[in-house]
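Take a look at the structure set out below.
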Amino acid sequence: MAAAPTELPEHGVGFFLSTLGYRSHELWEGRLAPLGLSSRQANMLLQVAAAEGRPQLDLARALRIPPSRVVSLVDDLERRRLLRRRGDPTDRRVRTLHLTSPGRHMVSRLAAIVAAHEEELSLGLEAAERQQLLHLLRKAATGLGLSSTAHSGLAGREWKRS
């Protein structure tokens with residue numbers, strides 16, 4: 001005699017966030033590929049653009065990522081001439097981060113990519129629904145102790161709540 005089928009739970013928040021996150025990541029990586037940037041490099045460029053001249057260590061603290069991760073990312077971006085470190089005239093131990101001219105151009109390209117990405121991810125939503133979704137996602141992120149300004153994946157496996 002065949003067993004009665006097991007009733008499965010309805011797909012919930014975790015399922016849809018995971019599915020959407022996977023698709024979003026696929027689309028994002030595809031958009032970045034022509035620029036030759038990884039997600040972490042793109043995120044770091046955008047973070048520096050948002051607070052240019054900020055000390056490298058302050059950026060690490062604000063992003064809640066290990067300073068060694070910032071050093072590695074900045075090294076890569078500096079080799080590509082997209083970022084430049086400068087000494088702080090008031091404290092020789094401090095290194096501030098600045099976009100170069102090619103870095104500014106790359107940030108402009110990234111801004112267009114971000115807009116296209118957001119538009120595609122919001123297909124099927126009215127403007128008010130999109131705002132409501134953003135509100136709820138920020139609320140959920142805050143509940144988990146996540147930053148609303150920096151992607152937790154920026155730190156890699158070293159990310160931790162603090």
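The values are calculated or read from the model by the stated rules, or taken from the named source; none is laboratory data. As the structure is a computational prediction, the values presented were derived from the model and not from experiment. Ideal geometry is used to build each Cβ from the backbone, glycine not excepted, and the neighbour counts take in all protein chains shown.
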(message) Looking at SER68, SER148 in this structure, which one is over 26 Å from ARG23 (Cα atoms), in contact with a helix residue (DSSP H, G or I) (Cβ under 9 Å, 6 or more places away or on another chain) and of a type in the set (S, T, N, Q)?
(response) SER68
(message) Going by what's in this entry, would GLU126 be described as out of contact with any Pro (no Cβ under 6 Å at 6 or more places or on another chain), surrounded by 12 or more Cβ atoms within 10 Å (Cβ to Cβ) and charged (D, E, K, R)?
(response) no
(request) Kindly indicate whether any position in the range 92-108 is closer than 16 Å to LEU20 by Cα, hydrophobic (A, V, I, L, M, F, W, C) and more than 16 Å from the chain's Cα centre (by Cα). (result) no
(message) Please count how many residues of the range 50-70 are farther than 18 Å from VAL94 by Cα, at pLDDT 85 or above and either outside any helix (DSSP H, G or I) or more than 13 Å from the chain's Cα centre (by Cα) (or both).
(response) 0
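Condition check ((1) touching a residue at least 60 places away in the same chain (Cβ under 8 Å); (2) outside any helix (DSSP H, G or I); (3) under 16 Å from ARG40 (Cα atoms); (4) not hydroxyl-bearing (Ser, Thr, Tyr)) across all residues:
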{"position": "SER72", "(1), (2), (3), (4)": "no, no, yes, no"}
{"position": "GLY87", "(1), (2), (3), (4)": "no, yes, no, yes"}
{"position": "ARG92", "(1), (2), (3), (4)": "no, yes, no, yes"}
{"position": "GLY103", "(1), (2), (3), (4)": "no, no, yes, yes"}
{"position": "VAL107", "(1), (2), (3), (4)": "yes, no, yes, yes"}
{"position": "GLU118", "(1), (2), (3), (4)": "no, no, no, yes"}
{"position": "LEU125", "(1), (2), (3), (4)": "no, yes, no, yes"}
{"position": "GLN132", "(1), (2), (3), (4)": "no, no, no, yes"}
(request) Check the range 151-161 and report whether any residue there is modelled with pLDDT under 90, among the small types (Gly, Ala, Ser), surrounded by fewer than 17 Cβ atoms within 10 Å (Cβ to Cβ) and closer than 23 Å to ALA33 by Cα. (result) yes
(message) Looking only at the range 82-110, filter to residues that are exposed (fewer than 12 other Cβ atoms within 10 Å of the Cβ) and at pLDDT 95 or above; which one of those is farthest from TRP28 (Cα to Cα)?
(response) SER101
(message) Residues to consider are ARG31, ARG40; find the one that is in a helix (DSSP H, G or I), buried (at least 17 other Cβ atoms within 10 Å of the Cβ), modelled with pLDDT under 90 and charged (D, E, K, R).
(response) ARG40
(message) Need the failing condition index for LEU45 against (1) surrounded by fewer than 11 Cβ atoms within 10 Å (Cβ to Cβ); (2) on the phi < 0 side of the Ramachandran plot, just the number.
(response) (1)
